[in-house]
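The block underneath contains the structure these notes are about, expressed in structure tokens.
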Amino acid sequence: MLAALWAFGVVETQAAGRPNIVLIMADDLGFADLGCYGSEIRTPNLDALAAKGLRFSQFYNTAKCHSSRVSLLTGLYCDQAGSGSLSRGATIAEVLGQAGYSTSMVGKWHLSKEPTDFGFQRYWGHLSGACNFFTGDNTFRLNGEPYKVPAELNGRRFYTTHAMGDFALQFLDEVAVKKDPFLLYVAFNAPHYPLHAPEEDVKKWDGAYDAGWDALRRTRYAKQLKLGIIPKKFKLSPRPAHIPAWKSLSANERQWEADRMEVFAAMVEVMDTEIGRIIAKLKAKGQWENTLFLFCADNGACPFERTRGRDLKPWDADSYWTYDASWAHAGNTPFRLYKQNQHEGGISSPMIAHWPAGLKAKPGSITHQPGHLIDFMATFLDVGKAKYPKQVGARKVDPLMGKSLLPILQGKERAGHETLYFHFGTDRALRQGPWKLVSAKLGRWELYNLDEDRTELNDLAAKYPKRVKAMAAKWFDLAENTERLKGKHLSPVKDTIKELGFRKDTSNQLKK
């Protein structure tokens with residue numbers, strides 16, 4: 001009898017027009033790395049979504065790959081959910097699956113076990129946090145079984161971004177014939193290092209970055225002001241001491257730096273092309289109008305210099321290029337700092353929402369209301385008419401932290417989060433209304449009014465010590481009692497701001 005009533009509820013909610021959900025996450029993509037967020041990189045498909053959809057100017061991640069995936073999947077903060085084990089969380093696939101959705105995933109997992117252990121009925125991708133884009137690794141899986149990466153796939157050289165598009169289309173073919181709505185989660189590994197891209201795609205960008213990162217950052221900032229992504233009152237943060245002026249580099253170094261940014265641009269452009277294929281498939285299947293299509297990223301641009309094989313070309317599978325803080329600073333325009341840091345450069349990412357049948361916000365508009373990856377679960381519960389569980393199998397599930405984005409999609413002001421909490425390693429932050437408290441690498445607390453100073457240039461900690469004390473107490477309360485952190489994660493901050501340094505490769509022939 002209960003099963004019959006549950007089935008009747010599914011049919012009833014389908015009749016009410018529950019949307020399909022396509023959720024796409026990019027990897028190590030900076031706030032300014034899409035055309036519709038200020039970039040010169042060609043992203044016509046995402047730009048078209050933005051032109052008819054809604055862009056968020058204050059959408060937050062957790063500043064790191066695996067923790068952002070935990071929050072996206074569960075609606076909880078990372079350690080609250082049990083970190084990579086997901087031992088205290090339910091996933092969007094488990095929750096929507098119980099509500100009658102077909103659930104599929106393509107791409108990077110980077111958590112424990114496999115997606116098919118957490119509610120995804122279909123999965124192709126790699127379980128690792130990063131891999132060679134041309135040869136893959138031994139963690140690739142297809143529906144729970146080991147998958148041997150071929151030299152070619154569907155008539156072209158294997159390249160993970162292409163393959164993710166191929167399998168996304170395959171899964172859409174499989175689920176679109178059913179009456180049930182579907183969830184498709186595509187976690188691209190691009191543009192995470194190693195910087196790999198097909199030769200023909202890299203060569204399209206030859207010479208595009210010869211002017212360097214200083215000029216690029218100014219150009220992107222000017223475009224952001226024109227687009228309205230960044231209000232004019234927010235000033236461009238200056239180049240930090242650990243990044244050299246472009247003009248101070250030798251001709252050989254400028255060429256090397258321009259070359260590796262060309263590869264990054266190619267990776268983003270190829271990803272956008274694959275997203276275009278997914279959009280075209282949805283339209284061909286008659287599924288586009290009632291598909292909630294969301295695009296986000298897991299953290300800000302990455303400052304880590306880990307290059308090996310600098311003398312090899314980036315379409316050679318033996319190469320392993322990265323870029324460093326210099327280009328990452330441009331990627332995160334106009335903000336400060338990077339992936340791993342809880343300053344705006346680390347936790348701010350593009351977020352585009354598109355939904356022809358359900359979006360009521362003005363097409364092409366920009367919302368300045370804050371949102372967070374933890375809000376996806378609550379949003380999907382809302383639009384999918386699903387119920388958040390207290391337990392999934394042996395896992396007792398923590399109370400949901402996210403809040404539905406649906407009011408924002410409907411063009412309304414939502415009752416936002418009273419508090420947003422951030423933590424990775426020894427980087428910390430807390431946001432309450434316009435106020436943000438932040439510490440990098442246990443450096444002293446900094447305080448900013450983000451309504452007036454989103455680029456975090458005017459530290460108000462000395463002016464408002466009581467606010468600093470109260471917000472710090474709230475951070476430690478959430479860290480200890482909600483996230484269940486222990487030991488060094490609860491260490492007090494220092495009395496001074498730590499000067500951050502990033503290694504720069506100045507070798508002309510750094511070997512593998």
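Every number in this text was worked out from the coordinates using simple rules, so none of it is lab data. Predicted model, so just to flag it, every value in this text is computed and none were measured. For neighbour counting, all protein chains shown are included, and Cβ atoms are generated from backbone atoms with ideal geometry for every residue, glycine included.
Given Cβ point charges of +1 (Lys, Arg) and -1 (Asp, Glu) and nothing else, what value in debye, to the nearest 20, does the dipole of the chain about its Cα centre take? It would help to have the intermediate numbers written out before the result.
Numbers: 70 positive and 56 negative charges, 253 e Å.
For this selection, approximately 1220 debye.
What distance in nm separates the simple spin-label points at Arg239 and Lys203, each placed 7 Å from Cα in the Cβ direction?
3.1 nm
Could you tell me the center-to-center distance, by alpha carbons, between segment 241-292 and segment 389-426 in angstrom?
30 Å
Counting each DSSP H run of 4 or more residues in the chain as -39500 (n - 2.57), what helix-only mean residue ellipticity at 222 nm follows after dividing by all residues, to the nearest 500 deg cm²/dmol?
Values: 13 runs with 149 residues, N = 512.
Result for the chain, helices only: -9000 deg cm²/dmol.
Need one word for segment 338-400: rounded, prolate or oblate. Basis is the Cα gyration tensor (sqrt eigenvalues a ≥ b ≥ c); a/c below 1.5 gives rounded, then a/b vs b/c decides.
Values: a/c = 3.41, a/b = 1.21, b/c = 2.81.
Because a/c hits 1.5 or more and a/b fails to exceed b/c, segment 338-400 counts as oblate.
Residues with amide H under 5 Å of Phe59's amide H, sequence separation 5 or more or different chain, H placed in the peptide plane at 1.01 Å from N; which?
Ser349, Gly371
Once phi is turned into θ = phi - 60°, what whole-Hz ³J(HN,Hα) does the Karplus curve with 6.51, -1.76 and 1.60 give for every residue of segment 292-299, x standing for Gly and Pro?
7, 10, 10, 10, 8, 9, 8, 6
If you take the charge dipole of segment 2-409 about its Cα centre, with +1 on Lys and Arg Cβ and -1 on Asp and Glu Cβ, which of Gly364, Thr91, Pro350 is farthest toward its positive end?
Going by the charge dipole, the pick is Gly364.
In Å, what Rg and Dmax follow from the Cα atoms of segment 420-490?
Spelled out, the Cα radius of gyration and Dmax of segment 420-490 are 11.7, 36 Å.
Note down the net charge around Ile278, summing +1 for each Lys or Arg and -1 for each Asp or Glu among other residues with Cβ under 12 Å from its Cβ.
Values: positive: Arg277, Lys281, Lys283, Lys285; negative: Asp166, Asp173, Asp272, Glu274.
Charge balance near Ile278 sits at 0.
Quick check: residue separation of Ala470 and His368 times 0.36 nm, minus the Cα distance between them. What number comes out in nm? Can you show the working numbers first?
On the way: separation 102, 0.36 × 102 = 36.72 nm, distance 2.57 nm.
Gain on stretching Ala470 to His368: 34.1 nm.
Which one of Trp435, Phe422, Ala473 has its Cα pushed farthest toward the positive end of the charge dipole of segment 420-490, where Lys and Arg give +1 and Asp and Glu give -1 at the Cβ?
In segment 420-490, that residue is Ala473.
Sort out for me the Cα centre separation of segment 139-157 from segment 312-381, rounded to whole Å.
So the separation of the two Cα centres works out to 28 Å.
Mind giving me the nanometre distance, one decimal, between the label points for Ala461 and Lys226, set 7 Å out from Cα along Cα→Cβ?
My value for the distance between the label points is 3.8 nm.
Given contacts defined as C-alpha pairs under 8 Å and at least six residues apart, what's the relative contact order of the chain, whole-number percent? List each step's numbers first, then the result.
Working: 1155 pairs, mean separation 120.0, N = 512.
Normalised by residue count, the contact order of the chain is 23 percent.
My understanding is that a pair violates if its Cα-Cα distance is over 21 Å; which of Lys113/Lys441; Lys436/Lys474; Lys466/Lys494 do that in this structure?
Numbers: Lys113/Lys441 31 Å; Lys436/Lys474 12 Å; Lys466/Lys494 17 Å.
Too far apart for the 21 Å limit: Lys113/Lys441.
When ranked by the protection proxy of mean other Cβ atoms within 10 Å per residue, highest first, what sequence do the peptides 191-200, 142-151, 469-478, 374-383 form? Don't skip to the answer; put the middle values down first.
Details: 191-200: 21.9, 142-151: 12.4, 469-478: 16.3, 374-383: 23.5.
Ranked by mean Cβ neighbours within 10 Å, highest first: 374-383, 191-200, 469-478, 142-151.
Report ³J(HN,Hα) in whole Hz for each residue of segment 386-402, in order, from the Karplus equation J = 6.51 cos²θ - 1.76 cosθ + 1.60 where θ = phi - 60°; Gly and Pro get x.
So the Karplus estimates, Gly and Pro as x, are 9, 10, 6, x, 8, 8, 10, x, 8, 8, 8, 9, 5, x, 4, 9, x Hz.
Please give the contour-minus-distance gain from Leu249 to Ala215: 0.36 nm per residue of separation, less the Cα-Cα distance, rounded to one decimal in nm.
Using 0.36 nm per residue and subtracting the Cα-Cα distance, I get 10.8 nm.
Considering only DSSP beta bridges with both partners in the chain, what is the antiparallel share in %, to the nearest 5? Write out the running numbers ahead of the final one.
Values: 33 of 61 bridges.
In the chain, approximately 55 percent of DSSP beta bridges are antiparallel ones.
About the Cα centre of segment 420-490, what is the dipole size in debye to 20, counting +1 per Lys and Arg Cβ and -1 per Asp and Glu Cβ, all else neutral?
Working: 14 positive and 10 negative charges, 61 e Å.
That gives a dipole near 300 debye.
Per Stokes-Einstein, at 20 °C and 1.002 mPa s, what whole-number D in µm² s⁻¹ belongs to the chain, with the Kirkwood radius over Cα pairs as the hydrodynamic radius?
Once the numbers are plugged in, D ends up at 92 µm²/s.
Report, by chain and number, residues whose modeled amide H sits under 5 Å from the one on Phe140, excluding near sequence neighbours (fewer than 5 apart, same chain).
Those lying under 5 Å, H to H, from Phe140 are Leu127, Tyr147.
Starting at the first residue of segment 479-487, write each ³J(HN,Hα) from the Karplus equation 6.51 cos²θ - 1.76 cosθ + 1.60 with θ = phi - 60°, in whole Hz, x for Gly and Pro.
4, 7, 9, 9, 7, 6, 6, 9, x
Once amide H atoms are built 1.01 Å from N in the peptide plane, which residues 5 or more positions from Asp427, or in another chain, come under 5 Å H to H?
Residues meeting the criterion, in which the H sits 1.01 Å from N, are Lys441.
Helix by helix through the chain, keep the DSSP H runs that span 15 Å or more along the axis on Cα and average at least 0.5 on Kyte-Doolittle, and give those back in order. Don't jump to the answer; show the numbers that get you there.
Values: long enough: 2-15 (20 Å, 1.21); 160-175 (22 Å, 0.24); 212-227 (23 Å, -1.04); 251-284 (49 Å, -0.16); 465-477 (18 Å, -0.61).
Result, helices passing both filters: 2-15.
To the nearest 20 Debye, how big is the dipole of segment 131-261 about its Cα centre, given +1 on the beta carbon of each Lys and Arg and -1 on that of each Asp and Glu? List each step's numbers first, then the result.
On the way: 20 positive and 16 negative charges, 220 e Å.
I would put it at about 1060 debye.
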